[in-house]
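Since the structure comes first, as structure tokens, the remarks are kept for the end.
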Amino acid sequence: MKSVGRCRAHTNIALIKYWGKRNDELFLPMNSSLSLTLDAFYTDTQVILDESLVSDVFYLDDVKQGEKETEKITNFLNLFRNRANIETKACIKSYNHVPTAAGLASSASAFSALAGAMNQATNLNLDLETLSTFARQGSGSATRSIYGGFVEWDMGEADLSETSHAVQVDDASWDIGMIVIAVNTGKKKLSSRVGMKQTIATSPFYSSWVETATKDIKNIKKAIKSKDFVTLGEITESNGMKMHATMLGAMPPISYWEPDSVKAIQKVKEIRDTGLPCYVTMDAGPNVKVLCKKSDMTEIENRLLEDFDRKQIIPSHVGEGITLLSEDEWNY
Ligand code: 2P0
């Protein structure tokens with residue numbers, strides 16, 4: 001017997017960041033976070049549960065993955081198999097549509113697409129909130145990619161896994177866009193997972209980070225509700241900088257920045273000073289993301305092109321939540 005599931009999930013960029021776990025095993029975060037889902041970057045995943053398989057097999061962009069990568073996937077699939085009370089092994093095929101030049105991590109879209117496909121293949125019919133608690137246990141940021149638009153990942157309570165899930169705050173179907181400025185697309189030297197742990201263990205600024213992130217969540221939700229773009233941008237930029245500040249306070253200090261990151265930040269400020277509202281945020285890497293109005297995107301892109309190459313500037317509109325793909329839509 002074979003059972004199939006196919007799902008597409010988009011990546012997301014946090015406006016209020018997740019940087020640290022209170023429970024490593026369950027991926028429970030220290031604070032709630034809030035993101036924007038992007039339509040330009042996504043992962044398509046097919047799961048075939050097949051009783052004739054003796055172990056899981058995992059292909060990424062048509063390349064069969066090794067033991068270490070496959071083990072991660074197996075552990076994740078076990079969450080679903082345990083719930084469904086089955087042991088059937090799976091053949092997974094995943095395709096990442098993240099332009100190599102974007103330099104964005106794909107774990108958010110990868111684990112939420114896998115969660116969606118496995119939910120279908122197992123016939124578990126988990127609702128989206130529950131599915132986001134499963135996606136979370138693949139990668140924290142995947143919690144949020146289950147939904148489109150502006151998404152909050154509620155930190156939840158104590159060690160209660162089922163309380164830490166995402167919800168859509170707003171579908172962001174207003175004047176919102178984002179432009180990625182790709183500064184360096186190489187693999188980062190320090191993973192987020194290790195960087196977070198080091199920051200919690202050693203940064204004297206960490207407790208203030210958590211405190212202010214909690215306030216930022218409250219205020220950014222107000223700004224979203226009133227569609228106040230300037231306040232939304234100001235809180236986004238400030239929160240991102242605070243996350244990088246707490247990393248700089250770690251021992252040894254952590255910085256993902258490169259000279260061109262600073263150049264990009266300064267350019268965005270320059271553009272903003274001429275009257276176009278646009279704000280930066282950065283994650284665990286040197287690339288800079290610009291939150292802007294959709295209606296200003298072309299003009300901002302043109303201004304960025306004065307200092308950066310065409311291939312470094314990648315615009316995106318707002319993305320949707322996970323969608324199941326039919327056999328006809330599976331074009332691989
Ligand atoms: C975020 N980042 O909120 C933050 C901001 C990077 C900086 O989530 O250990 O790959 O798998 O939960 O989700 C990147 O870390 O880490 C991340 P794990 P993840 O988007």
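Net charge near PHE229, counting Lys/Arg +1 and Asp/Glu -1 over other residues with Cβ under 11 Å of its Cβ?
Result for the local shell: -1.
Give the long-range amide H neighbours of ASN287: residues separated by 5 or more places, or on another chain, with amide H under 5 Å away, using H modelled in the peptide plane at 1.01 Å from N.
Amide H to amide H, under 5 Å and 5 or more residues apart or across chains, ASN287 pairs with VAL183, ASN184.
For the stretch 176-316, give the magnitude of the charge dipole about the Cα centre (Cβ charges: +1 Lys/Arg, -1 Asp/Glu; no others), in debye to the nearest 20. Can you show the working numbers first?
Details: 22 positive and 16 negative charges, 118 e Å.
Dipole about the Cα centre, nearest 20: 560 debye.
Arrange TYR95, TYR42 by Cβ neighbour counts within 10 Å, fewest through most, would you? Working shown, then result.
Working: TYR95 18, TYR42 25.
Placing the least packed residue first, the sequence is TYR95, TYR42.
Arrange TYR279, TYR18, TYR147, TYR59 by Cβ neighbour counts within 10 Å, fewest through most, would you?
On the way: TYR279 22, TYR18 25, TYR147 29, TYR59 16.
Result, fewest neighbours first: TYR59, TYR279, TYR18, TYR147.
Tell me which of ILE235, SER109, HIS97 sits at the most positive position along the dipole axis of the chain, charges placed on C-beta atoms (Lys, Arg +1; Asp, Glu -1).
With unit charges placed on the Cβ atoms, the residue in question is ILE235.
Pick out which of SER33, SER109, SER192 has the largest mean-square fluctuation in a Gaussian network model of the chain, springs linking Cα atoms closer than 10 Å.
It is SER192.
Comparing VAL47, VAL230, VAL63, which has the greatest mean-square fluctuation in the GNM of the chain with Cα pairs linked when under 10 Å apart?
VAL63
Using alpha-carbon positions, what is the distance between the centroids of the stretch 38-52 and the stretch 257-332, in Å?
26
On a 0 to 90° scale, report how tilted helix 67-84 is relative to the longest principal axis of the chain, with both axes built from alpha carbons and the result rounded to the nearest 10.
Value to nearest ten degrees: 70.
Determine the sum of side-chain charges near LEU304: Lys and Arg each +1, Asp and Glu each -1, restricted to other residues whose C-beta is under 11 angstrom from that of LEU304. Please report the intermediate quantities before stating the final value.
Details: positive: LYS263, LYS267, ARG303, ARG310; negative: GLU270, GLU299, GLU301, GLU306, ASP307, ASP309.
Local net charge: -2.
For the chain, which cysteines have no second Cys with its Cβ under 4.7 Å from theirs?
CYS7, CYS91
I'm checking a number: the convex hull volume of the Cα atoms of the stretch 2-171, normalised per residue, in Å³. What is it?
Roughly 108 Å³ of hull volume per residue.
Relative to the longest principal axis of the chain, what angle (0 to 90°, nearest 10) does the C-alpha long axis of helix 107-121 take?
On a 0 to 90 degree scale, this one is about 30.
Ranked by Cβ crowding within 10 angstrom, fewest neighbours first, how are TRP209, TRP174, TRP153 ordered?
Fewest-to-most ranking of TRP209, TRP174, TRP153: TRP174, TRP209, TRP153.
Restricting everything to alpha-carbon atoms, can you work out Rg to Rh for the stretch 176-316 with a Kirkwood hydrodynamic radius?
0.98
Where a number appears in this text, it was derived from the coordinates with a stated rule and is not lab data. This structure is a prediction, so every number in the text was calculated from the model and none was measured. Using ideal geometry, Cβ is built from the backbone for each residue, glycine included, and neighbour counts are taken over all protein chains shown.
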